[in-house]
Amino acid sequence: MASANSLYGRLDDPARDAGYVDPPPRKGFFTDTSVCIGCKACEVACKEWNAVPEDGIDLLGLSYDNTGGLGADSWRAVAFIEQSRPAVDRLQQETAAAGFDAFAEAARLGTGVPGGHPVAERAYENSSHGGCGGSCGSSPAPAAPAAKDTTGQFLGMPGMLAPAPLPDRDGRQDVRWLMMSNVCKHCTHAACLDVCPTGALFRTEFGTVVVQQDVCNGCGYCVSACPYGVIDKREDDGRAWKCTLCYDRLGEDETPACAKACPTESIQFGDLDELRVRAERRRQQLHDVGVTEARLYGEDPDDGVGGDGAFFLLLDEPEVYGLPPDPVVTTRDLPSMYKHMAAAAGFMLLGTVAAALGRRS
């Protein structure tokens with residue numbers, strides 16, 4: 001445990017550091033981008049539950065991303081990144097072309113679906129009835145034989161038959177989409193909280209960071225302090241706004257709205273320590289089937305912000321998703337800065353006194 005009110009370094013329990021005597025386990029998000037389908041249900045749920053104003057549709061030309069990023073009126077933002085990728089071999093193409101039927105067969109046989117994953121079971125129930133839950137009346141398509149290697153292993157969603165994705169509607173396999181639902185990281189060392197002069201930002205008993213709008217004076221210090229560019233001021237009232245991790249729902253032992261609405265369980269909520277174990281297990285699973293680019297971001301309690309309360313499994317470098325590769329809390333150097341300022345002020349004072357004595361003599 002670090003010293004009280006620390007600004008930098010490993011900190012196992014930020015709630016205790018903030019003064020809570022017996023806080024509950026720290027809560028957070030683990031976002032598995034490998035199963036994100038870009039449906040934006042999290043964005044809608046966040047806006048509806050938190051009464052976040054509608055910010056309209058801005059056609060940015062960034063694939064299907066018309067949100068553009070986080071802001072005062074966008075506490076969740078789903079990014080769509082289109083990438084070219086090398087051509088895959090014939091076996092992978094055939095497996096991908098088999099598409100949903102191969103996935104359904106793997107789910108039926110239990111291949112690569114440990115514990116009967118609920119998403120896999122629901123998908124199989126739909127696919128076994130012609131993909132429409134039996135409502136369309138068509139006979140089910142014959143299932144393709146399960147792949148004999150890890151190429152057809154179920155990794156979370158039909159589009160994650162490793163290592164090649166399903167072809168798009170034009171039959172191309174040389175392009176892939178990376179999708180990620182971004183959110184406030186609820187840092188262990190939150191610079192926005194450290195620089196707030198009014199106490200509008202505070203650390204909750206769950207280890208999250210929340211803004212009290214009735215205390216915020218709109219100074220904007222928190223906006224420039226955030227290493228992720230998350231927090232933002234609303235134009236009509238000048239106050240700062242960001243994700244609260246649904247603090248009101250946590251107090252009622254409820255799941256945050258975004259995680260509750262996510263249909264693929266890409267956004268997972270729970271105790272942060274347990275989420276870190278789950279995330280590492282998922283990363284290893286992807287590596288075992290050839291998705292070696294899978295990596296965790298923000299889970300390390302020894303990184304520059306002491307670890308994030310909302311961290312991610314990514315399929316490419318952080319910069320591809322618009323994330324800083326090595327974030328550092330911007331208040332880290334404040335103590336040494338104050339020492340240097342004090343030393344400089346002392347030297348100036350000594351110089352002034354020496355000059356005054358010199359004139360007298």
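The values are calculated or read from the model by the stated rules, or taken from the named source; none is laboratory data. This is a predicted model, so every value here is computed, not measured. Note that each Cβ is placed from the backbone with ideal geometry, even for glycine, and that neighbours are counted across all protein chains shown. The area values use the complete protein model at the heavy-atom level, side chains included, leaving out ligands, DNA and RNA. Shrake-Rupley method; radii C 1.70, N 1.55, O 1.52, S 1.80 Å.
Using the Karplus equation 6.51 cos²θ - 1.76 cosθ + 1.60 (θ = phi - 60°), what ³J(HN,Hα) coupling, rounded to whole Hz, does each residue of the range 236-248 give in order, writing x for Gly and Pro?
6, 10, x, 8, 8, 9, 6, 4, 9, 6, 6, 4, 5
What are the ³J(HN,Hα) values, in whole Hz, obtained from phi via the Karplus relation 6.51 cos²θ - 1.76 cosθ + 1.60 with θ = phi - 60°, for each residue of the range 344-351 in sequence order, with x given for Gly and Pro?
Each residue of the range 344-351 in turn: 5, 5, x, 5, 5, 5, 4, x Hz.
Convert each backbone phi in the range 304-311 into a coupling constant with the Karplus relation 6.51 cos²θ - 1.76 cosθ + 1.60 (shift: θ = phi - 60°), then list the ³J(HN,Hα) values in order as whole Hz, x for Gly and Pro.
So the J values, rounded to whole Hz, are x, 10, x, x, 9, x, 10, 10.
I'd like the accessible area for Thr292: 1.4 Å probe, protein heavy atoms, all chains in place, Å² to the nearest 10.
Estimated to the nearest 10 Å², Thr292 gives 90 Å².
Loop-only trypsin sites (Lys or Arg not before Pro) in the range 230-333, please: DSSP not H, G, I, E or B, and at most 13 other Cβ atoms within 10 Å.
none
Tally Lys and Arg at +1 and Asp and Glu at -1 over the other residues with C-beta under 15 Å from the C-beta of Arg239: what net charge comes out?
Combined, the nearby Lys, Arg, Asp and Glu give -3.
Can you tell me the Rg and the Dmax, both Å, for the Cα atoms in the range 240-340?
Expressed in Å, the Cα Rg and Dmax of the range 240-340 come to 16.5, 53.
For Gly28, which sequence-distant residues (separation of 5 or more, or a different chain) have an amide H within less than 5 Å of its own amide H, given hydrogens modelled in the peptide plane?
When sequence neighbours closer than 5 places are left aside, the close amide H contacts are Gly270, Leu272.
Rounded to the nearest 20 debye, what is the charge dipole size of the range 171-229 about its Cα centre when +1 sits on each Lys and Arg Cβ and -1 on each Asp and Glu Cβ?
Taking the Cα centre of the range 171-229 as origin, the dipole is about 280 debye.
Quick check: net charge around Arg282, other residues with Cβ under 15 Å of its Cβ, Lys/Arg +1 and Asp/Glu -1?
-2
Taking the Cα centre of the range 184-286 as origin, work out the dipole magnitude from +1 charges on Lys and Arg Cβ and -1 charges on Asp and Glu Cβ, in debye rounded to 20.
Once rounded to the nearest 20, the dipole reads 460 debye.
If you add up the charges near Arg16, with Lys and Arg at +1 and Asp and Glu at -1, over every other residue whose beta carbon is less than 15 angstrom from its beta carbon, what do you get?
So the surrounding residues net to -2.
Modelled label-to-label distance, Glu274 and Ser84, 7 Å Cα→beta-carbon offset: nm?
Modelled inter-label distance: 4.6 nm.
Can you give me the long-range amide H partners of Val175? Hydrogens built in the peptide plane at 1.01 Å from N, cutoff under 5 Å, separation of 5 or more residues or another chain.
Result for Val175 returns Arg85.
Report, in debye and to the nearest 20, how large the dipole of the range 18-64 comes out about its Cα centre when Lys and Arg carry +1 and Asp and Glu carry -1 on their Cβ.
200 debye
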